[in-house]
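The values are calculated or read from the model by the stated rules, or taken from the named source; none is laboratory data. Computed from a predicted model, the values in this text were never measured in an experiment. Note that we place each Cβ from the backbone using ideal geometry, even for glycine, and neighbour counts take in every protein chain shown. To get the accessible areas, we keep the full protein, side chains included, count just its heavy atoms, and leave off ligands, DNA and RNA. Shrake-Rupley method; radii C 1.70, N 1.55, O 1.52, S 1.80 Å.
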Amino acid sequence: MTNASIAKAVKILEGLAAGLNDAYWEASTVDRKDFFYDIISAVHSELSEIGKLSVLDHDLVYEPITAEFRAARAKLTRLRKVLDEFVLRSSTAAKLDGLINDAVSLPVR
């Protein structure tokens, strides 16, 4: 997804936030909850900054705004590799797999 619009990125990030929220509540250990919470905070921070943009800007090409979200991309890549271990519910894991792939494919710049 080399040229995703801001509007498309918002849809991806909102979906990712919802999927991670499900995984957070399904997590059985505090360490895993902390892992999910860290990524959730980064996604919310990014969405908050995007929310400050004009609606007219939503057709522009998306570029990550916050350093926190850029750093969280490494955790998303790690999560994709250990998804079956970290997310025990099959439906949540399947949903997150697609959402993580979409989020990681957003441009980095």
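General observations
- Within region 47-60, residues that are surrounded by 12 or more Cβ atoms within 10 Å (Cβ to Cβ) sit with their Cβ atoms under 7 Å from residues that are assigned to a loop (DSSP other than H, G, I, E, B), at 6+ positions apart or across chains, in these pairs: E49/I65; E49/T66; I50/I65.
- Yes/no for V108 being surrounded by fewer than 16 Cβ atoms within 10 Å (Cβ to Cβ) and on the phi < 0 side of the Ramachandran plot: yes
- Of the residues making up region 1-24, just one is touching a residue at least 60 places away in the same chain (Cβ under 8 Å), open to solvent by 30 Å² or more (accessible area, probe 1.4 Å) and aliphatic (A, V, I, L, M), namely M1.
- Breaking point among (1) of a type in the set (G, A, S); (2) touching a helix residue (DSSP H, G or I) at 6+ places or on another chain (Cβ under 6 Å); (3) open to solvent by 50 Å² or more (accessible area, probe 1.4 Å), for A27: (3)
- Counting the residues of region 61-86 that are of a type outside the set (A, V, I, L, M, F, W, C), under 15 Å from S105 (Cβ atoms) and surrounded by 14 or more Cβ atoms within 10 Å (Cβ to Cβ) gives 5.
- Residues in region 80-109 that are under 11 Å from the mean Cα position of the chain (by Cα) and aliphatic (A, V, I, L, M): L96, L99, I100, A103, V104, L106.
- Condition met for L106 (touching a residue at least 40 places away in the same chain (Cβ under 8 Å), touching a Phe, Trp or Tyr at 6+ places or on another chain (Cβ under 8 Å) and under 17 Å from E14 (Cα atoms)): yes
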